[in-house]
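Here's the structure we're looking at; comments come further down.
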């Protein structure tokens, strides 16, 4: 009997130990010396801000995006036939008189201030004689042009109305390639619509769209009528003003450009304060020195801007800068290309001195120019 009890106790102990070992190996195989990768944790999809929906972001931003209706009176150029003396002999001068017609343009805008200031594109309202903005709640309000800046294609309107929905502005400098963005506007006049994509690139320039370029590129569809609308981030903050698309057909090909909100807001501040954007100006024309150009001129290759023209009596002319000089530094800081030089000069206030380092006849020469105000190139 004692033997039976001992056997039972031993068997139970062994079985319990094996069971415990099995559970340990099953639950913690790393204890046995095996390198096991832990399974990935499932994604927690947040309805309010995750990848399932961006409705909250759109609802936050959409009320501040308005439709802009601009109309202007244009003069039709008469047909050359009307100037023919034989034609005038039989039909008189009546047919050759100029005719005028009303043209309407459609775009979008973003309310960015409680005083009714609206950011839009300059090309949307350029030369307009009458402007009306329509809000998402159906209100149609008259608006006046505060000013426009063709060099960034930004314009500022002011609408007359109460309790206007103001957009939340984000930080465009923090946007990274791959960030989710949405474009809100009135494409083709069908009504407010939203398209989604990502930031494809930042700091795009030398596109030939405007003089001062620092675009956010996105594949969110930006179609005609979206111009001046909002590019928003995933939480509904405006980070850009939709401006242009790269297209040969007029439709979106997934290459759109928006002016960063920081730049647009800086332009707006100057327009509101001064009625125009005040920028520095040297009065020169030039081009980047390339290897091919350096070889053709027989000069050593060096990063800089080759001066091709100097305006007589302008700041550069008065400072002694001449065609053929190679500008290599501004205020002792190297300058690599014409875009960088343009931004540096434009950031200076009229009357400020600017040290310009040029290479002339193989030697570096420092000249001091007194910055003038950049001429108005068509802004209101």
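Values as computed for the structure displayed
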| read-out | value |
| --- | --- |
| Exclusive hit being assigned to a strand (DSSP E or B) and either within 21 Å of residue 190 (Cα to Cα) or at pLDDT 65 or above (or both), set 103, 151 | 103 |
| Counted residues, the stretch 279-292 - those being surrounded by fewer than 16 Cβ atoms within 10 Å (Cβ to Cβ) and touching a strand residue (DSSP E or B) at 6+ places or on another chain (Cβ under 7 Å) | 2 |
| The listed residue being in contact (Cβ under 8 Å) with a residue 12 or more places away in the chain and more than 24 Å from residue 376 (Cβ to Cβ), out of 205, 233, 214 | 233 |
| Identity of the residue in the stretch 368-378, outside any strand (DSSP E or B) and surrounded by fewer than 19 Cβ atoms within 10 Å (Cβ to Cβ), that ends up farthest from the chain's Cα centre (by Cα) | 375 |
| Restricting the stretch 179-204 to residues that are out of contact with any strand residue (DSSP E or B) (no Cβ under 7 Å at 6 or more places or on another chain) and not in a strand (DSSP E or B), the residue that is farthest from residue 120 (Cα to Cα) | 190 |
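Here's the yes/no breakdown for (1) assigned to a strand (DSSP E or B); (2) touching a strand residue (DSSP E or B) at 6+ places or on another chain (Cβ under 6 Å); (3) on the phi > 0 side of the Ramachandran plot; (4) surrounded by fewer than 17 Cβ atoms within 10 Å (Cβ to Cβ):
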{"residue": "109", "(1), (2), (3), (4)": "yes, yes, no, no"}
{"residue": "120", "(1), (2), (3), (4)": "yes, yes, no, no"}
{"residue": "127", "(1), (2), (3), (4)": "no, yes, yes, yes"}
{"residue": "173", "(1), (2), (3), (4)": "no, no, no, yes"}
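The values are calculated or read from the model by the stated rules, or taken from the named source; none is laboratory data. These numbers were taken from a predicted model, which means no experiment stands behind them. Positions of Cβ are generated from backbone atoms using ideal geometry, with glycine treated the same way; all protein chains shown enter the neighbour counts.
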